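I have placed the structure first, in the form of structure tokens, so that the comments after it can refer back to it.
The values are calculated or read from the model by the stated rules, or taken from the named source; none is laboratory data. None of these values were measured; they are calculated from a predicted model. Don't worry about glycine lacking a Cβ; one is built from the backbone with ideal geometry, like all the others, and counts go over all protein chains shown. We work out accessible area using only protein heavy atoms, side chains counted, and drop any ligands, DNA or RNA first. Shrake-Rupley method; radii C 1.70, N 1.55, O 1.52, S 1.80 Å.
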Amino acid sequence: MSEPISALRLAASGMRAQSERLRHTAENMANVDTPGYRRKLVTFEEAVRFGRPTGEVEAGRMRLDQTPLPQIYDPAHPMANAEGYYAGSNVELMIELADSREAGRSYEANLRMFEQTRQMGASLLEILRR
Amino acid sequence: MFERIEMMRMARAMGHHVAQRQVVVARNIANADTPGYRAQDLAPFEDSYRRGVETPALRTSNPRHIPYEGQLRPTALTTDEAQASPNGNTVSLETEMVRAAEVKRQHDLSIGIYRSALTLMRASLGRR
């Protein structure tokens with residue numbers, strides 16, 4: 001009986017990691033017009049407990065995208081420098097949209113797995129109920 | 001007691017195998033976006049069942065001892081050699097969905113066989 005539970009745990013870890021990624025994507029999209037904002041990135045890695053890999057997935061450390069910020073010409077902007085330029089954010093809405101779609105799709109796949117594991121456990125218990 | 005009946009033993013072994021495979025598929029799907037992760041799978045049930053038991057049956061020196069038949073050896077993990085995406089990940093969600101459907105079908109099959117075997121035994125006991 002330990003296997004179904006560990007399958008549930010794996011699926012839950014996948015959902016947790018994907019929702020964290022979705023949260024960062026939403027944060028990036030919200031800040032698409034914030035001057036000087038750098039895009040936030042998370043990479044996934046295998047979770048390690050007590051020095052042993054568990055097979056679960058978790059979101060790693062958040063990093064900032066180091067691509068140079070675009071210089072936008074707007075002399076009327078309060079943050080514009082002497083030449084009339086200010087640093088925008090390096091968020092690309094198109095990329096964030098694609099990223100959020102992918103995260104949603106992977107989340108759903110994990111959810112389907114969770115549901116199926118639960119069903120399998122339930123039908124196993126159904127044998128006892130006779 | 002039920003271990004002695006071949007049909008139930010096989011259904012039990014299949015259920016065990018399928019539960020292990022479910023964990024492998026769940027792990028693949030959870031790691032669908034992990035860089036460098038290679039998708040894994042279990043060898044088919046037929047192979048692992050034909051190879052027989054690993055732990056030998058216990059010797060009994062008294063007829064009242066409960067016999068222990070030994071356990072099926074855990075099946076070998078195989079790694080997919082599919083085309084990796086740019087980040088080195090070989091998980092394809094579509095393949096995993098097919099595997100998950102297969103797992104569900106085999107699980108239903110093993111439970112169905114186990115249940116009908118139980119019904120057979122009930123019938124032979126004269127109960128419904």
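Computed values, structure above
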{"read-out": "Residue, farthest from the other protein chains (Cβ to nearest Cβ), within segment B:74-96, restricted to residues that are part of a helix (DSSP H, G or I) and open to solvent by less than 50 Å² (accessible area, probe 1.4 Å)", "value": "B:Glu96"}
{"read-out": "Residue under evaluation A:Gly55, criteria (1) among the small types (Gly, Ala, Ser); (2) within 14 Å of chain B (Cβ to nearest Cβ); (3) under 16 Å from A:Ala26 (Cβ atoms), criterion not met", "value": "(3)"}
{"read-out": "Condition check for A:Met94: modelled with pLDDT of 90 or more and exposed (fewer than 12 other Cβ atoms within 10 Å of the Cβ)", "value": "yes"}
{"read-out": "Residues within segment A:15-52 that are facing chain B (nearest Cβ under 9 Å) and in contact with an Asp or Glu (Cβ under 8 Å, 6 or more places away or on another chain), tallied", "value": "6"}
{"read-out": "Qualifying positions in segment A:97-118 - open to solvent by 100 Å² or more (accessible area, probe 1.4 Å) and within 26 Å of A:Arg23 (Cα to Cα)", "value": "A:Arg101, A:Arg105, A:Glu108, A:Arg112"}
{"read-out": "Inter-residue pairs, beta-carbon under 6 Å, first at pLDDT below 90 and in segment B:108-128, second polar (S, T, N, Q), 6+ apart", "value": "none"}
{"read-out": "Some residue of segment B:25-46 being modelled with pLDDT of 90 or more, open to solvent by less than 60 Å² (accessible area, probe 1.4 Å), hydroxyl-bearing (Ser, Thr, Tyr) and in contact with a Gly (Cβ under 9 Å, 6 or more places away or on another chain)", "value": "no"}
{"read-out": "Residue ranges of strands (runs of 3 or more DSSP E) in segment A:3-75 with at least 1 members open to solvent by 50 Å² or more (accessible area, probe 1.4 Å), touching a residue at least 12 places away in the same chain (Cβ under 8 Å) and closer than 29 Å to B:Ala19 by Cα", "value": "A:40-49, A:52-64"}
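Yes or no, residue by residue, for (1) aliphatic (A, V, I, L, M); (2) touching a Pro at 6+ places or on another chain (Cβ under 7 Å); (3) more than 8 Å from chain B (Cβ to nearest Cβ):
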| position | (1), (2), (3) |
| --- | --- |
| A:Ala80 | yes, no, yes |
| A:Tyr85 | no, no, yes |
| A:Asn90 | no, yes, yes |
| A:Met94 | yes, no, yes |
| A:Ala98 | yes, no, yes |
| A:Glu102 | no, no, no |
| A:Met113 | yes, no, no |
| A:Thr117 | no, yes, no |
| A:Leu128 | yes, no, yes |
